[in-house]
Amino acid sequence: MIFFKIISTKLGNIFFLTSIVIGLMNTNNVMAQAWPDRPMKMIVPFAAGGSADILGRILSQTLGKNLGQNVIIENRGGAGGNLGAEVVAKSPADGYTILLASGSMMTVNPFIYKKSGINYSKDLTYITTVATVPMVIAVSPKLPVNNLADLIALAKTKELYFGSAGIGSQIHMANENFLYAAGIHATHVPYKGENPALNDLIAGQIDFMAGNFPATGGFSKSGQVKALAVTSNKRLKQLPDVPTVSEAAIPGFENTGWYALAVPTGTPQAIIDKIYIATEKSFKSPALLATLEENGLTPVMMKGKDVDSKIQAESAIWEKVIKARNIQTQ
């Protein structure tokens, strides 16, 4: 009799726990079916006017149409993107707050921002990559160089200054990677965004910068800065006369930035799937593709697990550069 009661109690507990789990699953499914029923926010963790901001504003319009709700851009720059990532990580895991992250945030920041409030491997779930972007190594019109070899030679004779969108940003790391590969030194001047750095490059306050094409390309075409090379493995159709870094001075060099969408860990998989499908549909829009191409952005989709693998592989590469260049927060 006692044995029967024990068995009954255990079966009752199992049934009770199973009911809770099924109930939670049903709740998540119902929430996902109704989602989204109000506007969403896309956090761009860098200042307005930079490459991430341009991509976010292009993508958010089509993404919003596909999801049936407005996707509002909110710029929350600072600490190499960490501040914006923290905002998303601490938001409710309901899909209404999405992060547009640059690859450097996950692959570089953990090595240089030791006291960060964000753990990129635990606090966020990655939905997909969305685009890759090449950089343009450009110099101030006041600098007496006409090609990349000239810049490298000049850096060996005098102190030069380069700008970035902040310590650890993919612009910063592209510059550091170039210096590392060229075997030269220059002083880093971090800004609170890509646009402020470009403004100072135009004014001659800094000497050079490897900037994302969407932000730098227009200034290059207008002659406000001198484009010396692109960091992709082939020339850009938008700047056909500008050689690759590999052609110009450093054989084999390539440095391409990338962006991904992420949500707080714990977001229901059904909502994550909806965002992925809506993003995939966005990249079938001829108008969107034309705008991305105009800005030098190449759409690239990669599911969550593959994004995790990409982060791990690139982290190992950047860790070596960070150590070799002794990159630290200031």
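The values are calculated or read from the model by the stated rules, or taken from the named source; none is laboratory data. Keep in mind that this is a model prediction, so the values were computed, not measured. Positions of Cβ are generated from backbone atoms using ideal geometry, with glycine treated the same way; all protein chains shown enter the neighbour counts. For accessibility, only protein heavy atoms count, side chains too; no ligands or nucleic acids. Shrake-Rupley method; radii C 1.70, N 1.55, O 1.52, S 1.80 Å.
What the table below lists for this structure:
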{"read-out": "Selected from Thr107, Ile277, Gln328, residue furthest toward positive end of dipole (the chain; charges at beta carbon)", "value": "Ile277"}
{"read-out": "Ellipsoid semi-axes in whole angstrom, largest first, where each is sqrt(5λ) of the Cα gyration tensor of the stretch 42-155", "value": "32, 19, 11"}
{"read-out": "Taking the convex hull of Cα positions in the stretch 245-291, its mean projected area over all directions (nm²)", "value": "5.7 nm²"}
{"read-out": "Cα radius of gyration and Dmax for the stretch 208-269 (Å)", "value": "15.8, 49"}
{"read-out": "Per residue, in Å², the accessible surface of the stretch 57-101 once ligands and nucleic acids are set aside, probe 1.4 Å", "value": "39 Å²"}
{"read-out": "Å² per residue, accessible surface of the stretch 179-230 at 1.4 Å", "value": "36 Å²"}
{"read-out": "Cross-link pairs beyond the 29 Å C-alpha cut-off, checked among Lys237/Lys281; Lys274/Lys320; Lys158/Lys226; Lys90/Lys114; Lys114/Lys156; Lys237/Lys323", "value": "Lys274/Lys320; Lys114/Lys156; Lys237/Lys323"}
{"read-out": "Cα-based helix-to-principal-axis angle, 2-34 vs the chain, degrees rounded to 10", "value": "40 degrees"}
{"read-out": "C-alpha long axis of helix 304-325 to longest principal axis of the chain, angle in °", "value": "40 degrees"}
{"read-out": "Fraction of accessible area attributable to carbon and sulfur, the stretch 198-257 (%, probe 1.4 Å)", "value": "45 percent"}
{"read-out": "Hull-based mean projected area of the stretch 104-178, where the convex hull spans the alpha carbons, in square nanometres", "value": "6.9 nm²"}
{"read-out": "Charge tally in the Cβ shell below 13 Å around Thr329, where Lys, Arg are +1 and Asp, Glu are -1, Thr329 excluded", "value": "+2"}
{"read-out": "Compactness of the stretch 108-262, expressed as Rg and Dmax over alpha-carbon positions, Å", "value": "15.6, 48"}
{"read-out": "Percent antiparallel among DSSP beta bridges (both partners in the chain, rounded to 5)", "value": "65 percent"}
{"read-out": "Cleavage-rule hits, trypsin sites (Lys or Arg not before Pro), the stretch 73-160, DSSP coil, Cβ neighbours within 10 Å at most 16", "value": "Lys90, Lys114, Lys115, Lys122, Lys142, Lys156, Lys158"}
{"read-out": "Dipole-positive endmost among Thr291, Tyr259, Ile202 within the chain (Cβ charges, Cα centre)", "value": "Tyr259"}
{"read-out": "Within the stretch 170-273: Cβ-based charge dipole about Cα centre, in debye rounded to nearest 20 (Lys, Arg +1; Asp, Glu -1)", "value": "220 debye"}
{"read-out": "Amide H partners (placed H, <5 Å) of Thr128, local residues excluded", "value": "Leu261"}
{"read-out": "On Cα atoms only, tilt of 213-222 relative to the major axis of the chain in degrees", "value": "30 degrees"}
{"read-out": "Given (1) 35, 25, 19; (2) 44, 22, 16; (3) 30, 23, 21, the label whose value is semi-axes √(5λ) of the Cα gyration tensor in Å derived from this model", "value": "(2)"}
{"read-out": "Derived scalar couplings ³J(HN,Hα) [the stretch 193-202; Karplus, 6.51 cos²θ - 1.76 cosθ + 1.60; whole Hz; x for Gly, Pro]", "value": "x, 6, 4, x, 5, 5, 4, 6, 5, 4"}
{"read-out": "Size of electric dipole in the stretch 229-330: Cβ of Lys, Arg +1 and of Asp, Glu -1, about Cα centre, debye, nearest 20", "value": "140 debye"}
{"read-out": "Rounded to the nearest 20 debye, dipole of the stretch 120-203 from Cβ charges on Lys, Arg, Asp, Glu", "value": "80 debye"}
